[in-house]
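So the structure is just underneath, and the comments pick up after that.
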């Protein structure tokens with residue numbers, strides 16, 4: 001058996017990580033799309049939105065768990081185990097903070113359609129780039145494209161910072177402290193989503209630096 | 001000297017890390033037990049509670065420092081130096097956030113016995129599982145038991161999220177913005193304790209995946 | 001070519017990282033000095049302060065980017081690529097949180113000269129020690145001095161915790177919820193600066209433990 005064949009023999013087990021990361025990418029894209037569309041026609045008396053977001057969050061938990069189970073069973077991994085763990089955990093944080101944002105919008109009954117939707121659009125764009133980057137990370141087939149996606153994700157995080165300060169300035173105009181405390185809290189959760197997307201971008205850039 | 005003897009020769013220096021981590025586990029269990037009991041009979045005019053919590057926090061600092069001193073002196077470690085550092089730092093964060101919670105309950109003079117005690121019970125349960133996991137991590141004698149503890153710690157973190165949202169909903173009923181700001185801040189510190197316990201669980205699961 | 005010459009041949013490419021980290025250290029020292037001096041004569045009608053702080057923040061971004069570009073081009077690094085990435089990212093966080101503090105002081109129009117200046121003095125002292133530590137980390141020429149700086153940085157972080165609780169106690173005396181929410185937010189950003197300095201100290205201590 002030649003060296004090429006040996007590598008081929010390992011491939012199927014190795015590939016499982018990319019299959020799972022692809023599914024996480026797909027789930028985050030769908031979740032952020034649903035969030036962005038739902039937030040624009042938010043109805044406090046209908047809890048379909050929060051239930052569906054919760055389902056996406058659970059699905060992400062299950063995929064993350066599957067990645068850890070595979071890590072425990074596979075000796076061969078496409079990149080360092082620490083990188084796989086860090087990437088899986090940070091991707092899961094994105095789903096967690098999207099869910100937390102939705103939960104407190106619902107609990108606090110303070111939909112702020114305009115600026116929430118600006119955040120959710122940036123979140124969705126960041127998730128689309130994460131999905132692209134995951135696809136291009138596979139077999140390190142296009143490191144330049146991964147890097148390009150990471151730069152875009154960082155730019156969305158910068159835009160989210162600007163949305164946050166603009167939203168806060170508008171919020172303080174209301175002069176209603178209770179409302180301010182509630183909406184500030186939701187805005188911080190929303191802003192964490194793009195922060196975690198930036199963490200994901202940093203991890204992917206590191207993986208490229210190390211292996212590509 | 002046979003290979004077995006060579007390993008035996010290294011053991012005493014290697015073991016020092018588990019001795020220290022055991023002491024950290026013991027300290028966190030005692031600290032969280034004292035916190036949980038104290039918070040139920042909290043007396044703002046008596047600062048014994050905060051003094052004792054501060055003592056536990058200092059003891060944790062000293063143990064963490066000892067772990068780093070040993071790291072600088074020992075060539076042989078039971079697992080990667082990075083994992084020892086990360087584990088020691090995150091365990092210390094648990095003590096830091098317990099202390100911060102106690103400090104602001106005391107400074108803000110806003111004891112919220114019922115929900116604070118729900119948090120502190122979860123904190124104590126998480127610390128008990130951390131202690132168990134540390135014991136079972138020793139010599140990798142029972143990886144399955146470590147994993148079991150980590151799953152429980154994650155479930156306590158999920159329950160703490162629910163306690164947080166319930167506590168916030170009750171808090172906003174008061175309609176008193178100053179009180180809301182103060183208690184929200186304490187609740188966030190308390191919730192960080194179980195978050196840091198989850199970080200500890202993630203690190204221990206990683207160690208098992210790498211070595212067991 | 002002797003072994004010594006081989007090492008010399010690698011040196012110039014290796015050294016580039018220390019040159020860049022030196023520049024980051026210098027930038028953080030200048031930024032924190034400007035911040036500390038500016039905050040004591042803060043004028044809300046003059047946006048020179050925030051513009052200059054923003055310039056320092058952009059310069060830090062550029063230096064951080066240069067470090068990552070070098071990482072992608074150099075096979076030889078003075079210490080693990082992960083450590084270089086972590087150090088560069090956390091140093092950049094210091095600049096980011098200084099900028100965020102300045103931005104919200106300006107946006108919220110709530111200069112609190114006294115306690116803001118106590119924070120900024122600690123921030124500046126921490127940055128001076130970071131600069132020292134970077135210099136002494138070069139070629140691992142003085143690990144004991146790096147450690148000494150790290151201990152000082154940790155002590156500044158502890159002092160910043162005390163400034164924070166004192167500032168919050170004074171703030172709540174105002175009984176003005178809107179003002180409290182705004183200033184609390186600025187205080188938290190300021191406190192994050194010394195937290196990130198502590199993270200930098202932890203990373204540098206780890207590097208010393210690993211290599212020195």
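Using a 10 angstrom cutoff on alpha carbons, build the Gaussian network for chain C and name the most mobile of C:120, C:32, C:155.
Of C:120, C:32, C:155, the most mobile in the Gaussian network model is C:155.
As a test of the formula, what do you get for chain C when each DSSP H run with n ≥ 4 contributes -39,500 (n - 2.57) and the sum is divided by the residue count, at 222 nm and rounded to the nearest 500 deg cm²/dmol? Walk me through the numbers on the way to the answer.
Details: 6 runs with 182 residues, N = 212.
My calculation for chain C gives -31000 deg cm²/dmol from helical runs alone.
Per-residue Cβ counts within 10 Å, from other chains only, averaged over C:173-180: what number is that? Walk me through the numbers on the way to the answer.
Numbers: counts 0, 1, 2, 3, 12, 7, 1, 6.
Counting other chains' Cβ atoms within 10 Å and averaging over C:173-180 gives 4.
Can you give me the three principal axis dimensions of region B:13-211 from its C-alpha atoms, in Å, biggest first?
57, 30, 23
Neighbour counts of other C-beta atoms within 10 Å: give me A:180, C:178 arranged from fewest to most. If you can, show how the numbers build up before the last one.
Working: A:180 21, C:178 17.
Ordered by Cβ neighbours within 10 Å, fewest first: C:178, A:180.
For chain B, take the longest principal axis of its alpha carbons; what is the angle in degrees between that and the long axis of helix B:48-73, to the nearest 10 within 0 to 90?
That helix lies at roughly 20 degrees to the long axis.
Want the number for residue C:173 to residue C:48: 0.36 nm per residue separation, take away the alpha-carbon distance, what's left?
Working: separation 125, 0.36 × 125 = 45.00 nm, distance 3.16 nm.
That pair, residue C:173 and residue C:48, stretches by 41.8 nm at full extension.
Need one value for B:200-209: mean number of C-beta atoms belonging to other chains within 10 Å of its residues' C-beta atoms. It would help to have the intermediate numbers written out before the result.
Working: counts 0, 0, 4, 1, 0, 4, 8, 0, 1, 10.
Across the residues of B:200-209, the mean count of other-chain Cβ atoms within 10 Å is 3.
Would you calculate the separation in nanometres between label points at residue B:114 and residue B:141, each defined as 7 Å from the Cα along the Cα-to-beta-carbon direction?
The two pseudo-label positions are separated by 4.4 nm.
If I take R0 = 25 Å and measure r between the Cβ atoms of residue C:61 and residue C:151 in this structure, what FRET efficiency does the formula 1/(1 + (r/R0)^6) give, to the nearest 0.05?
0.30
Can you put B:204, C:169 in order of Cβ neighbours within 10 angstrom, beginning with the fewest? Mind showing how you got there, number by number?
Values: B:204 24, C:169 11.
Least to most surrounded, the residues fall as C:169, B:204.
Taking the label point as lying 7 angstrom from Cα along the Cα-to-Cβ axis, what are the distances from residue C:48 to the corresponding position in the remaining copies, in ascending order and in nanometres?
Reported distances to equivalent positions: 5.9, 5.9 nm.
I need the shape label for region C:14-93. Rule: rounded when a/c is under 1.5, else prolate if a/b > b/c, else oblate, with a, b, c from the alpha carbon gyration tensor.
Working: a/c = 3.44, a/b = 2.90, b/c = 1.19.
Prolate, since a/c reaches 1.5 and a/b exceeds b/c.
Sort C:57-65, A:40-48 by packing, meaning the average of other beta carbons within 10 Å per residue, with the highest value first.
Values: C:57-65: 17.1, A:40-48: 11.0.
For the peptides C:57-65, A:40-48, the packing ranking is C:57-65, A:40-48.
Compute the separation of the alpha-carbon centres of region B:135-196 and region B:88-110 and state it in Å as a whole number.
A separation of 13 Å, based on Cα centres.
Considering every residue in B:166-172, what mean count of other chain Cβ atoms within 10 Å of its Cβ is obtained? Before the final figure, lay out each step's value.
On the way: counts 1, 0, 6, 2, 0, 1, 5.
For this peptide, the per-residue mean of nearby foreign Cβ atoms is 2.
Quote the relative contact order of chain C in percent (integer), defining contacts as alpha-carbon pairs under 8 Å separated by 6+ residues.
Numbers: 233 pairs, mean separation 59.7, N = 212.
Computed over chain C, the figure is 28 percent.
Consider just the alpha-carbon atoms of the protein assembly as shown and return their Rg together with their Dmax, both in angstrom.
According to the Cα coordinates of the protein assembly as shown, Rg and Dmax are 24.7, 79 Å.
Please work out which residue of chain C brings its Cβ closest to the axis of the rotation superposing C onto B, and round that distance to whole Å.
C:177, 2
Please report A:87, C:128 as a ranked list, fewest other C-beta atoms within 10 angstrom at the top and most at the bottom.
Numbers: A:87 23, C:128 19.
Ascending number of Cβ neighbours within 10 Å: C:128, A:87.
Using every Cα-Cα pair within region C:85-125, state what percent have a distance larger than 12 Å. Intermediate results must be reported in sequence, preceding the final value.
Details: 540 of 820 pairs.
Tail of the P(r) past 12 Å holds 66 percent of the pairs.
Using only the alpha-carbon atoms, how far is helix C:143-173 inclined from the longest principal axis of chain C? Give it as 0 to 90 degrees, nearest 10.
It is inclined by approximately 10 degrees.
With angles folded into 0 to 90 degrees, how steeply does helix C:113-137 sit against the dominant principal axis of chain C? Use alpha carbons for both and round to 10.
0
What share of all Cα pairs of region A:103-185, in percent, falls into each consecutive 10 Å distance bin?
The distribution over region A:103-185 is 17, 36, 24, 16, 6, 1, given as percents.
Values in this text are rule-based calculations from the coordinates and carry no lab data. If you're wondering where the values come from, they're calculated on a predicted model, not measured in any experiment. Note that we place each Cβ from the backbone using ideal geometry, even for glycine, and neighbour counts take in every protein chain shown.
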